[in-house]
Amino acid sequence: MSEKDLLIDAAKQARENAHAPYSNFRVGAALRSTSGRIFTGCNVENASYGLTMCAERVAIFKAISEGERGFSAIAVVTDTDALTPPCGACRQLIWEFCGDVPVTMANLSGKRETLQMKELFPRPFDDSNL
Ligand SMILES: [Zn+2]
């Protein structure tokens, strides 16, 4: 199994834990650190809606909180025909911690596409703007 397949698989498994009783839109994400570890996340919804947290940010916060710095790839899995890219808030966070990494979007039927963060987030606001 390739590194990309492993990352997609981890995101699929994390998606199973999604807490999405309001939208039923279940998302899984998996983040590979340069040290080789994989951190996963799922979306976690809340009855207030606004406090909902995306799968990508859950994975990033888990990794950062465990001391990881430096990431090489991220995968996002949903069960939609059209592949799901990270939302704007997640793109900002992915850029902050991962930079120009490949972002693989996949669904449960085996469809997948990989784009670089530079393509998804061409003019980021980051520490170079401060
Ligand atoms: Zn998001």
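The residue list A106, A30, A82, A89 contains one member that is in contact (Cβ under 8 Å) with a residue 60 or more places away in the chain and either of a type in the set (A, V, I, L, M, F, W, C) or touching a His at 6+ places or on another chain (Cβ under 7 Å) (or both), which is A106.
Pick from segment 59-69 the residues that are surrounded by fewer than 23 Cβ atoms within 10 Å (Cβ to Cβ) and closer than 22 Å to D5 by Cβ: which of them is farthest from the ligand (Cβ to nearest atom)?
E68
Scanning segment 2-26 for residues that are at negative phi, part of a loop (DSSP other than H, G, I, E, B) and of a type outside the set (F, W, Y) turns up S2, E16, N17, A18, A20, P21, S23, R26.
Taking each residue of segment 47-58 that is of a type in the set (K, R) and looking for partners that are surrounded by 15 or more Cβ atoms within 10 Å (Cβ to Cβ) and not in a strand (DSSP E or B) with beta-carbon atoms closer than 8 Å, six or more apart or interchain, yields R57/C90; R57/L93. Is it true that some residue in segment 72-84 is buried (at least 17 other Cβ atoms within 10 Å of the Cβ) and away from the ligand (no atom under 16 Å from the Cβ)? Yes, segment 72-84 contains a residue that is buried (at least 17 other Cβ atoms within 10 Å of the Cβ) and away from the ligand (no atom under 16 Å from the Cβ).
Of all residues in segment 34-44, those being surrounded by 19 or more Cβ atoms within 10 Å (Cβ to Cβ) and either among the polar types (S, T, N, Q) or more than 15 Å from the chain's Cα centre (by Cα) (or both) number 2. Against the list (1) away from the ligand (no atom under 16 Å from the Cβ); (2) in contact with a Ser or Thr (Cβ under 6 Å, 6 or more places away or on another chain); (3) more than 17 Å from M117 (Cα to Cα), the condition I38 fails is (2).
The set of residues from segment 108-130 being exposed (fewer than 10 other Cβ atoms within 10 Å of the Cβ) and either closer than 18 Å to G28 by Cβ or among the charged types (D, E, K, R) (or both) comprises S109, G110, R123, D127.
Any read-out appearing in this document is the output of simple, stated calculations on the displayed coordinates, not a laboratory observation. Computed from a predicted model, the values in this text were never measured in an experiment. Quick reminder, even Gly has a Cβ in these numbers, built from the backbone with ideal geometry, and neighbours come from all protein chains shown.
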